[in-house]
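Bear in mind these aren't lab numbers, they're just calculated from the coordinates by the rules spelled out. Values in this document were obtained by computation on a predicted structure and should not be read as measured data. Neighbour counts run over all protein chains shown; Cβ positions are idealised from the backbone, glycine included.
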Amino acid sequence: MRILRGFLMFMGALAVLAIIALVLGYVLALLTPDVRNNIRPVVLSSESVDNYNKKMADMRSQTRGQGTAEITLTMTEEEVNSIIVMAMAEGHIPAKEILVNFNDGYLVLYSAWNFPWFPVKTGIIGSFDVVEKKPEFIVQNFFLGKLPLPSGINNNVQEIVNIMIRTNPMVYNSRYNYKEITISEGKIKLSGSVERFNGGPGASASE
């Protein structure tokens, strides 16, 4: 579940940015950003959650053994959105709605936060790159309600997101060498290699 924790930290970072909007414009920040209209519905299911968990377990198992192993991980919209909804239902994310779409070359993320004092809505459009064999998120646009944002806000959001990625030991791990992160219609694919280690059944990629 480390990838999920990293995603939750990313969500928390966006919440911090939302607080800044209190100074900039409370009412405009509460409105739904236009990016919400571009989000297509995704079918959620317990089967998708099971598929996600199995893929994570398979990913961890790839780290055991000798030498270097090629790895590929493909996650669908249904799997990602289903695991997010489960996390919200369990109270791990203070939001009433989060939707993610994978499109041809970019992702769209919409969030409606469930803070009683500030139920802000955010949107983000971005993509991934690989820099020195590690993942890096690139923010194309960030939306905070219908609030006009300063020109440099995308860079600030991007910096925070990448800090969150670097603190996630499952994603940003010295053993993982990424070659490519591809976003296509309905899915995201990570490919690369992992430097294996000898470990027992309880060992993990972060060891």
Filtering GluC sites (Glu not before Pro) in the stretch 47-117 by DSSP loop and by at most 15 other Cβ atoms within 10 Å leaves Glu90
For the stretch 2-195, shape from the Cα gyration tensor axes a ≥ b ≥ c, cut at a/c of 1.5 then a/b versus b/c, turns out prolate
In debye to the nearest 20, the charge dipole size for the stretch 92-207, taken about the Cα centre with +1 at each Lys and Arg Cβ and -1 at each Asp and Glu Cβ, equals 160 debye
Residue span Glu47 to Asn155: 0.36 nm per residue of separation minus Cα-Cα distance leaves a gain in nm of 35.2 nm
Each label sits 7 Å from Cα toward the beta-carbon; between Arg40 and Glu70 the label points are separated, in nm, by 3.0 nm
With the 8 Å Cα cutoff and a minimum separation of six or more residues, the stretch 2-195 has a relative contact order in percent of 28 percent
The lysines whose Cα lies under 17 Å from the Cα of Lys121, excluding any fewer than 8 residues away in the same chain, are Lys96, Lys146
Listing Arg196, Arg40 by rising number of other beta-carbon atoms within 10 angstrom, fewest first, gives Arg40, Arg196
For the stretch 117-186 the trypsin sites (Lys or Arg not before Pro) that pass both the DSSP coil test and the at-most-14 other-Cβ-within-10 Å test are Lys133
